[in-house]
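Down below is the structure, laid out as structure tokens.
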Amino acid sequence: MILGIAEADWIALLLTLRLALISTVLLLVLCIPLAWWLAFTPNRGKVLVEALVALPLVLPPTVIGFYLLILLGPRGAVGGALEAAGLNHLAFSFTGLVVGSMVYSLPFVVQPLQNAFQNLGSRPLEAAATLRAGPLDRFVTVVLPLTQRGFLTAFVLSFAHTLGEFGVLLMIGGSIPGQTQVASIAIYNHVEALDYGAAHGLSLVLLVLAFVLLLSVYALNRRFRWVGVAQ
Amino acid sequence: MNVIFDLRRGSFALKAEFDLPDRGVTAIFGRSGCGKTSLLRCMAGLEPEASGQLQVAGQAWQRGAWSLPTHERALGYVFQEASLFPHLTVERNLRYGWRRVAPGKRRVEWQPTIELLGLEGLLDRYPAQLSGGQRQRVAVGRALLTSPDLLLMDEPLASLDSDSKAEILPYLEKLHRDLAVPLVYVSHSQDEVLRLADQLVLMDDGQVQTQGPVADVLTRLDMPLAHQQGAKALLEGAVVRQDEADHLTEVICDGQSIWVSQLNQPPGTPVRLSVAARDVTISRAPATDSSVLNCLAVQIDALEADPQPGHVLVVLRLGAQVLLSRITERSRRQLALTRGDCVYALVKGVAVH
């Protein structure tokens with residue numbers, strides 16, 4: 001017991017943080033090209049992709065979890081292919097949770113990034129190109145500093161959203177302590193067992209964590225105002 | 001250098017071809033929507049759909065649909081509204097392009113450029129702390145410091161108020177005198193063209209109508225500029241002497257003297273004068289009993305009906321240069337003016353550029 005919270009609950013909490021961090025970082029990297037494409041493409045197929053990206057916002061998490069379970073399980077398209085390649089399928093594994101979290105938090109990363117890129121516009125990039133900066137150079141020296149607020153928002157939203165995730169993770173991960181049992185599921189288990197004290201402790205930690213995260217974003221947002229100035 | 005560009009975008013089609021001199025200021029002039037900015041963007045490689053032909057300093061920039069990426073072109077580009085990086089100080093904005101050019105390839109030096117554009121006091125500021133005119137000066141400096149082989153400016157003064165324009169124009173004029181690389185300047189302001197341009201490329205509806213020395217294009221009767229309400233002719237001359245008592249300066253244009261309001265320039269300084277067609281009257285005799293200060297012996301080169309009813313536009317030859325005069329059809333008849341006549345042009349107003 002540390003701070004009135006049992007060791008198993010600390011493990012669940014750390015697993016949650018690890019899951020949130022890994023899936024958010026992966027999402028941020030993978031969503032840059034997608035958000036970029038959505039921000040600048042003249043292609044009309046864009047609305048289709050936007051609707052798909054926004055889908056996790058409205059679907060019941062259990063629906064997402066159910067489909068992912070089928071897809072990642074031993075007989076699913078992805079899980080089956082992994083098995084055939086001599087690897088393990090992803091159902092009830094930490095990797096499966098990462099995949100599930102990424103799908104679930106996708107809109108929370110894509111949308112802030114897309115907005116930031118759209119607000120930035122193509123002019124600063126064109127200016128940088130006329131000043132001899134190549135594509136990667138432009139991204140690092142112009143896009144990143146001018147859209148850092150978008151990145152920060154995406155990071156915090158995705159991270160906080162993953163902290164509170166429940167349905168998707170329960171469906172694909174189950175509740176294996178140390179492997180797939182995250183804090184929200186641990187709280188559910190405590191309540192099921194009528195152990196309100198333990199549920200209180202863990203819930204309070206999540207509450208404080210989420211609040212501190214959001215507070216820091218709003219405080220930092222006051223300092224990162226470059227995108228606003230650029231327009 | 002021959003420049004050719006084709007670009008289609010929706011219903012708009014750019015099909016432009018013109019000759020770019022090795023130095024001096026070439027103004028691309030036309031009303032908004034005529035494609036002048038698109039042409040400039042094509043030259044910078046900012047229009048991926050463009051095809052055409054452009055070679056600068058021996059290097060192919062565009063050959064058919066193939067295009068050298070913008071960041072590999074030795075160009076300087078000044079956008080209509082200053083596109084300084086808001087997260088960098090003025091100094092770091094200026095250094096952005098400067099440090100991306102290999103030291104051995106730098107032909108434009110840092111300190112003289114800062115001084116030329118009067119940027120010393122601004123280096124530590126952020127773009128948001130600058131006035132519109134200051135921002136454009138920084139943008140011009142940033143473009144120059146990349147040691148470009150070609151400078152492109154897209155209406156750099158269009159978004160500025162008249163005070164800021166007045167502030168930045170002298171810098172651009174200095175640039176015009178000192179710069180050894182060609183400058184292509186997009187504008188729809190006749191005043192800017194009169195002050196800055198050597199060559200004029202006239203555009204309409206995505207096509208080049210004509211091109212030539214500014215003074216020629218302004219006064220060609222087959223071109224729209226001469227027929228505009230504010231039509232002007234451009235004269236090149238040199239300061240001869242000052243009349244301190246009368247606050248006047250004598251300028252010689254093709255052997256004839258023109259008095260203008262006092263200029264603080266030493267004798268020999270070249271000056272540009274512009275004379276509006278409506279400020280020139282024609283007389284058969286030299287005006288000795290008139291308040292008009294400038295009376296020039298000229299020859300009628302051409303006469304043409306003006307769009308304004310009852311008026312005639314007259315092209316007057318002054319040595320190798322020309323003046324425009326808009327007179328009434330009745331005056332023309334009463335004076336029996338015809339082509340080849342030697343007459344006197346009474347010039348009521350002269351602007352110095």
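Overview of values
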item	result
DSSP-assigned coil residues among trypsin sites (Lys or Arg not before Pro) in region A:122-231, each with at most 16 further Cβ atoms within 10 Å	A:Arg222, A:Arg223, A:Arg225
Packing rank of B:88-95, A:22-29, B:176-183, where each peptide gets the mean count of other beta carbons within 10 Å, highest leading	B:88-95, A:22-29, B:176-183
Region A:95-122 versus region B:80-140: alpha-carbon centroid distance in Å	35
Charge dipole magnitude, Cβ of K and R +1, D and E -1 - region B:2-219, Cα centre, debye nearest 20	720
Two-site FRET efficiency, B:Arg330 against B:Asp222, from Cβ-Cβ distance with R₀ of 35 Å, rounded to 0.05	0.90
Positive dipole terminus of the protein assembly as shown, leading residue within B:Asn2, B:Asn93, B:His176 (C-beta point charges)	B:Asn2
Fewest-first sequence of B:Asp222, A:Asp137 by Cβ atoms within 10 Å of each Cβ	B:Asp222, A:Asp137
Peptide B:94-106 - average C-beta neighbours from other chains (10 Å radius)	2
Local electrostatic count, A:Ala183, Cβ distance below 10 Å [Lys/Arg +1, Asp/Glu -1]	-2
Loop trypsin sites (Lys or Arg not before Pro), region B:310-353, which have at most 12 other Cβ atoms in a 10 Å radius of their Cβ (DSSP)	B:Arg339
Other-chain or far-sequence residues with amide H under 5 Å of B:Thr210's (modelled H)	B:Leu202
Solution diffusion estimate, µm²/s, Stokes-Einstein, region A:1-110, Kirkwood Rh from C-alpha pairs, 37 °C, viscosity 0.692 mPa s	207
CD proxy at 222 nm, helix term only [per DSSP H run n ≥ 4: -39500 (n - 2.57); per residue of chain A; nearest 500]	-24000 deg cm²/dmol
Exceeding the 28 Å Cα-Cα cut-off - candidates B:Lys174/B:Lys232; B:Lys105/B:Lys165; A:Lys46/B:Lys15; B:Lys165/B:Lys348	B:Lys105/B:Lys165; A:Lys46/B:Lys15
Distance between region B:1-49 and region B:291-338 - C-alpha centres, whole angstrom	35
Residue mean of other protein chain beta carbons inside 10 Å, A:130-140	6
Chain A: relative contact order in percent, alpha carbon pairs under 8 Å with at least 6 residues between	30
Amide H contacts under 5 Å for A:Gln181, placed H, 5+ residues apart	A:Ile176
Proxy reagent accessibility, fewest Cβ within 10 Å first, across A:His200, B:His227, B:His87, B:His247	B:His247, A:His200, B:His227, B:His87
Least to most buried among A:Val47, B:Val347, B:Val184 (fewest other Cβ within 10 Å first)	A:Val47, B:Val347, B:Val184
Spacing of the two label points (7 Å from each Cα toward its C-beta) at B:Asp191 and B:Glu91, in nm	3.6
Shielding by other protein chains, B:80-89, mean Cβ within 10 Å	5
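We did not get these values from a lab; they are worked out from the coordinates using the rules stated. Fair warning: this is a prediction, and the values are worked out from it, not measured in the lab. Virtual Cβ from ideal backbone geometry, glycine too; neighbours counted across all protein chains shown.
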